[in-house]
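The values are calculated or read from the model by the stated rules, or taken from the named source; none is laboratory data. Only a predicted model underlies this, so the values are computations on that prediction, with no experimental measurement involved. As a convention, Cβ positions derive from the backbone with ideal geometry for all residues, glycine included, and neighbour counts pool all protein chains shown.
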Amino acid sequence: MTLDRAVLMFAGFVVLLGLALGYFVHPGFLLLSAFAGVNMMQAAVTGFCPAAMVFKACGIKQGAAF
């Protein structure tokens, strides 16, 4: 798995987790999905992605975007 795919997989997981927790536990958890969306837009504009830095430090090989 490349860094790009790992970041996309993690972002999708966070969005779905926020939606599930918001539906089953408390609507405040929907903010987790909003945070993930804002972080994805920020990464697209600036090229800075904290998740990519963590995955790179874990030894995942680089992809085309990060």
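Taking residue 14, is it without any contact (Cβ under 8 Å) to a residue 40 or more places away in the chain, surrounded by 12 or more Cβ atoms within 10 Å (Cβ to Cβ) and not in a loop (DSSP other than H, G, I, E, B)? Yes; evaluated as a whole, the condition is true for this residue. When only residues in the stretch 43-56 that are part of a helix (DSSP H, G or I) and of a type in the set (Gly, Ala, Ser) count, which is surrounded by the fewest Cβ atoms within 10 Å (Cβ to Cβ)? Out of the qualifying residues, it is 44. Does residue 40 satisfy the criteria of being assigned to a helix (DSSP H, G or I), in contact (Cβ under 8 Å) with a residue 12 or more places away in the chain and closer than 20 Å to residue 3 by Cβ? Judged against the criteria, residue 40 is a match.
Could we say that residue 30 is at pLDDT 95 or above, in contact with a Leu (Cβ under 8 Å, 6 or more places away or on another chain) and in a helix (DSSP H, G or I) here? For residue 30, the condition - at pLDDT 95 or above, in contact with a Leu (Cβ under 8 Å, 6 or more places away or on another chain) and in a helix (DSSP H, G or I) - is met. For the condition more than 9 Å from the chain's Cα centre (by Cα) and surrounded by 15 or more Cβ atoms within 10 Å (Cβ to Cβ), residue 28 does not qualify. When every residue of the stretch 57-66 is checked against the conditions, none turns out to be of a type in the set (A, V, I, L, M), assigned to a helix (DSSP H, G or I) and touching a residue at least 40 places away in the same chain (Cβ under 8 Å). Residues of the stretch 57-66 that are in contact with a Lys or Arg (Cβ under 9 Å, 6 or more places away or on another chain), exposed (fewer than 13 other Cβ atoms within 10 Å of the Cβ) and small (Gly, Ala, Ser): none at all.
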